[in-house]
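K.L.:
The structure follows.
The values are calculated or read from the model by the stated rules, or taken from the named source; none is laboratory data. Not measured: the values here are computed from a predicted model. Quick reminder, even Gly has a Cβ in these numbers, built from the backbone with ideal geometry, and neighbours come from all protein chains shown.
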Amino acid sequence: MTKYTYTEKKDTRSGFGAGLLELGRTNENVVALCADLTGSLKMTDFQKAYPERFFQVGIAEANMMGMAAGMTIGGKIPFTGTFANFSTGRVYDQIRQSIAYSGKNVKICASHAGLTLGEDGATHQILEDLGMMKMLPHMTVINPCDYNQTKAATIAIAAHIGPVYLRFGRPSMPIFTPADQKFEIGKALKLIDGHDVSIFATGHLVWEAILAEAMLADKGIKAEVINIHTIKPLDAKAILDSAQKTGCVVSAEEHQMNGGLGDNIAQLLARFNPMPMEMVAVNDSFGESGIPHELMEKYGLSAKNIVEAAEKAIGRKK
């Protein structure tokens, strides 16, 4: 049975804002750029504390990426901030050509990702961003699960040399990871030990996986839950070790089924240890305007859906 509980909920974008402010105090090379969404990205505290290191570029996301790439040449560590849709889809050419191709040390920080953006609807609920960014050579892709982990990840990526895509969201989510955690890029975190099925979750779906584990435990099924906060580089050893132990796996993500974490894991298993696998993700569909938790249920991203996927995977074991 899960040992994870929470006493507070907070949005992961606030974790980014807190981490950025701390970096402002400790690393004078950190600069921040925002495309007219300072409040939404929780960058206001950094702006007030370090106005000489904050650049409001307006609604000009492509220009922001070019500026950030240029700043790295002078030794700065730029953190760009806007919605995930505008951080990827709108500026993919600039990221590919000016940042990823030359390995520029830009941290692309993206809020309001996935269905949990809610009422803003399909045009803003990007569900393809992880796939787009992981395909770029040199790009590191991170999708933390709660406020504390997002803060820790924000601080950690400043020390990483090379481009990073950091994804987080708007809704308040349970805080269940330690405040003093050390974030290690590319290192999966086993949250719950089990032997019947491996559940690999990322971002907001990590908490749903924890809830699903408790529901499965009530049925006598011992699920292993692993937080895959880094999509790229993927912790292949952690995934393969867990899969070898349980014999079947489930992936869970707030993203399209095509191109996301599930694809990564499926490729890995196909190469090294084929076995039954089920994917909990949006199945080739755009989102719609609605209340976040209702959208998650409608599009099959709830703990109940993870339970159903786990039972199906277990049923396919030989």
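K.L.:
Just to verify a result, which residue in the stretch 269-294, among those that are among the hydrophobic types (A, V, I, L, M, F, W, C) and surrounded by fewer than 16 Cβ atoms within 10 Å (Cβ to Cβ), is nearest to Lys312 (Cα to Cα)?
P.N.:
Ala270
K.L.:
Exactly one of these conditions fails for Lys48: (1) over 30 Å from Val206 (Cα atoms); (2) within 20 Å of the chain's Cα centre (by Cα). Give me its number.
P.N.:
Looking at each condition in turn, Lys48 falls short on (2).
K.L.:
Here's something else I'd like to know. Mind counting the residues in the stretch 56-78 that are closer than 23 Å to Thr26 by Cα and either polar (S, T, N, Q) or part of a loop (DSSP other than H, G, I, E, B) (or both)?
P.N.:
Selection size over the stretch 56-78: 5.
K.L.:
Of the residues that make up the stretch 189-199, is at least one closer than 26 Å to Val31 by Cα and buried (at least 23 other Cβ atoms within 10 Å of the Cβ)?
P.N.:
Looking for residues that are closer than 26 Å to Val31 by Cα and buried (at least 23 other Cβ atoms within 10 Å of the Cβ), one finds none in the stretch 189-199, hence no.
K.L.:
Right, another one. Within the stretch 154-172, does at least one residue satisfy the condition of being of a type in the set (A, V, I, L, M), within 12 Å of the chain's Cα centre (by Cα) and assigned by TED's automatic domain parsing to the domain that holds Leu117?
P.N.:
Yes, the stretch 154-172 has at least one match.
K.L.:
Applying the selection to the stretch 67-89, what residues are surrounded by fewer than 18 Cβ atoms within 10 Å (Cβ to Cβ) and either farther than 22 Å from Ala159 by Cβ or not assigned by TED's automatic domain parsing to the domain that holds Gly17 (or both)?
P.N.:
Of everything in the stretch 67-89, just one residue is surrounded by fewer than 18 Cβ atoms within 10 Å (Cβ to Cβ) and either farther than 22 Å from Ala159 by Cβ or not assigned by TED's automatic domain parsing to the domain that holds Gly17 (or both), namely Gly89.
K.L.:
Select from the stretch 20-31 the residues that are under 14 Å from Thr44 (Cβ atoms) and not hydrophobic (A, V, I, L, M, F, W, C) and list them in ascending order.
P.N.:
Listed by number, the list holds a single entry, Gly24.
K.L.:
Of everything in the stretch 90-129 that's part of a loop (DSSP other than H, G, I, E, B), of a type in the set (Val, Ile, Thr) and crowded, with 18+ Cβ neighbours inside 10 Å, which residue is farthest from the chain's Cα centre (by Cα)?
P.N.:
Looking at the filtered set, the residue picked out is Val91.
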